[in-house]
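S.K.: Quick one: structure below, then a few questions.
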Amino acid sequence: MSLQMVSSVSNSSLLQPGFSLLNFDGHVYFFGQKGWPKRSCPTGVFLLDIKQDELKMKPAIFSKDSCYLPPLRYPAICTYRGDTESDNHQYIIHGGKTPNNDLSDKIYIMSLISKSSKKSTFKCIEKDLAGDVPEARYGHTINVVQSRGKSMSVIFGGRSYVPLGQRTTEKWNSVVDCSPSVFLVDFEFGCCTSYILPELQDGLSFHVSVARNDTIYILGGHSLQNNIRPPSLYKLKVDLPLGSPAVTCTVLPGGISVSSAVVTQTGDTEFVLVGGYQSENQKRLVCNTLVLEDNNIEIVERESPLWTPDIKHCRMWFGCDMGKGSVLLGIPGDNKQMISDANYFYILRCKEAEEDEEEELTAQTCSQTSTEDPGDSTPFEDSEEFCFSAEANSFDVDDTYNEDDEEDESETGYWITCSAHCSVDINTWVPFYSTELNKPAMILCSSGDGHWVHAQCMDLSETMLLRLSEANVKYFCNEHADLNKGLQTPKKMGQLKKQPMKPLRKKKAMKFTPVKKSFLRRLFE
């Protein structure tokens, strides 16, 4: 096993935890960006192209008869072939988080209908389901099983929000384990059926699932209710006769205590398990080989790569399958608040050098990920993982996505450390005010040249925040409020303007006409 650092990643501000990967004919696409798509790529789906250790993203489009696909984060994804004789495959996408931090219960089917050097066109349809429809969730898995010439999807595990009737203001976004039910989904008729198996007592999330023919192996996972990572290993066997399906579960020995691990396929029946966590505050640096043969699974510890000091000492890591026995691993940078170059990436190759050379010219990629949101659990809980992959062959046409055409959110300072007691982290933040969507509310402190602070860090109520935004007044943050009061002086009263007095009008002199005395005597007699 060899470990190589990816020296340069461009447009990394769009590559935040929560992405998913779709692999079509060796070309890798991702969707599920944090926040709503922008005008340069309204679909939110990009082609990933790595050339000379530099990542380029090319926007993809949807056909006119496609439905709307929101940028879901942490969904369950797997490949699906409607026609077993066809080489073309589709992707099933279920659940996940929306940019409003709502959970989705919808299921989509994605297919690539055309591909050229300049653009890729997808068709996305929403599948209507009936029966025991799985509730909205994330951190779960979906696999396709085949039995007696038929195929069905199996959904298991994950987390969901507390029911609305049990939510409180303080814990509005609290999550719980989903019930340990197994769901069978028949895409031909759109029917869902749930199965309660006595062997599955506790809900699991961020586990590993590997499917082969009619059998699914579920390994590890995290139980939020008990806050443990049980060394569990379950074998689900699905029989699809002409009548009702039959699902059985067997508890196998030799499980592994791990969550948020990544699995990559290195052979027809061989997989490699990498990464994850073995306890609340300890990463799992051991690698294992999974061999699926003779209707059984064998787990063997294998030699680990020479981990770098940065990987050994970091508190969290995340990764995803790149296909062909390669895994992309990421660790946080020195400053989480900086969006550009926030993470460092490594490529772990699990195959021998000779095998890599044989497949170098036709390297294809695929991804299957198990993700966790640290904002919904303890500080060292399973890291938010996102799907990221790359292909060896690159295009010469430079029609990449250009972030300069968009608003540069990294420079607007939404994710800065606004004060000594700042609690806003891009990796764990959830909306606090009703006016927030995908960025925290901020207010300008008028101290000095002015600086921006998070309203939530200043303990501002929503009513006060609205008043300050509407009123034309100066605001001072908690650190500068007392200083400002000490510097205040009485307001200088402006001089009153004296109104000039109006000149008095001169009264006209009355004219008297002389009257003869003889006339007056007659008047009074």
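The values are calculated or read from the model by the stated rules, or taken from the named source; none is laboratory data. Because the structure is predicted, anything quoted here is derived from the model rather than measured. Backbone-built Cβ (ideal geometry, glycine too); neighbour counts: all protein chains shown. Just the protein is used for accessible areas: all its heavy atoms, side chains included, with ligands, DNA and RNA removed. Shrake-Rupley method; radii C 1.70, N 1.55, O 1.52, S 1.80 Å.
S.K.: Roll a 1.4 angstrom probe over the protein heavy atoms and tell me the percent of accessible area of segment 134-178 that is carbon or sulfur. Before the final figure, lay out the partial values.
M.R.: On the way: 1010 of 2010 Å².
Looking at segment 134-178 in its full context, I get 50 percent from C and S.
S.K.: On the first, second and third principal axes, largest extent first, how far apart are the outermost C-alpha atoms of segment 1-79 in Å?
M.R.: 43, 28, 23
S.K.: Return the equivalent ellipsoid semi-axes of segment 113-260 as a descending list in whole Å, where each equals the square root of 5 times an eigenvalue of the C-alpha gyration tensor.
M.R.: In descending order, the three semi-axes are 26, 23, 17 Å.
S.K.: What dipole magnitude, in Debye to the nearest 20, does segment 94-139 give about its Cα centre under +1 on Lys/Arg Cβ and -1 on Asp/Glu Cβ? Don't jump to the answer; show the numbers that get you there.
M.R.: On the way: 8 positive and 6 negative charges, 111 e Å.
I would put it at about 540 debye.
S.K.: Charges on Cβ only, +1 for Lys and Arg, -1 for Asp and Glu, centred on the Cα centroid of segment 1-137; of Cys78, Pro134, Thr98, which one is farthest towards the dipole's positive end?
M.R.: Thr98
S.K.: Continuing with this model, one more query. Let me spell out the model: positive unit charges on the Cβ of Lys and Arg, negative unit charges on the Cβ of Asp and Glu, origin at the Cα centre of segment 2-353. What dipole size does that give, in debye rounded to 20? Display every interim value, and only then the final one.
M.R.: Values: 35 positive and 35 negative charges, 242 e Å.
Dipole size: approximately 1160 debye.
S.K.: Next question, about the same structure. Residues with amide H under 5 Å of Leu21's amide H, sequence separation 5 or more or different chain, H placed in the peptide plane at 1.01 Å from N; which?
M.R.: Close amide H contacts, sequence-distant or interchain: Cys387.
S.K.: I want to check the label-to-label distance for Thr308 and Lys127. Put each point 7 Å from Cα in the C-beta direction and report it in nm to one decimal.
M.R.: 4.0 nm
S.K.: In nm, give the distance between the simple-model label positions of Gln282 and Lys118, each being 7 Å from the Cα along the Cα-to-Cβ direction.
M.R.: Distance between label points: 5.7 nm.
S.K.: Evaluated at 25 °C with a viscosity of 0.890 mPa s, what Stokes-Einstein diffusion coefficient in µm²/s does segment 2-353 have when Rh comes from the Kirkwood expression over alpha-carbon pairs?
M.R.: Working: Rh = 21.2 Å.
Calculated translational D: 116 µm²/s.
S.K.: So, one more: Going by average Cβ neighbours within 10 Å, how do the peptides 271-281, 97-107 rank, with the highest at the top?
M.R.: Working: 271-281: 21.5, 97-107: 18.3.
Descending packing order for the listed peptides: 271-281, 97-107.
S.K.: Just grab the label-to-label distance for Glu298 and Arg315, each label 7 Å out from Cα along the Cβ direction, in nm (one decimal).
M.R.: Simple spin-label model gives 4.1 nm for this pair.
S.K.: In segment 200-348, what percent of the accessible surface is made up of carbon and sulfur (1.4 Å probe, ligands and nucleic acids excluded)? Can you show the working numbers first?
M.R.: Numbers: 2920 of 6230 Å².
Answer for segment 200-348 is 47 percent, counting heavy atoms of protein chains only.
S.K.: How big, on average over all directions, is the shadow cast by the Cα convex hull of segment 171-325, in nm²? Let's see the in-between values first.
M.R.: Working: hull surface 47.3 nm².
Answer in nm², one decimal: 11.8.
S.K.: Return the loop-located trypsin sites (Lys or Arg not before Pro) in segment 126-195 (DSSP other than H, G, I, E, B) with at most 11 other Cβ atoms within 10 Å of their own Cβ; answer none if there are none. Mind dumping the intermediate values first?
M.R.: Values: sites: Lys127, Arg137, Arg148, Lys150, Arg159, Arg167, Lys171; in loops: Lys127, Arg137, Arg148, Arg167, Lys171.
Within segment 126-195, the qualifying trypsin sites (Lys or Arg not before Pro) (loop, at most 11 other Cβ atoms within 10 Å) are Arg148, Lys171.
S.K.: Given the convex hull over the Cα atoms of segment 229-311, what projected area results after averaging over all orientations, in nm²? Intermediate values should be presented prior to the final figure.
M.R.: On the way: hull surface 29.2 nm².
That works out to 7.3 nm², a quarter of the Cα hull's surface.
S.K.: Just how many pairs of Lys in segment 232-342 have C-alpha atoms closer than 30 Å, counting pairs that are eight or more places apart or on different chains? Show your work: numbers first, answer last.
M.R.: Details: Lys235/Lys283; Lys235/Lys324; Lys237/Lys324; Lys283/Lys312; Lys283/Lys324; Lys283/Lys336; Lys312/Lys324; Lys312/Lys336.
Step by step, the pairs that qualify in segment 232-342 add up to 8.
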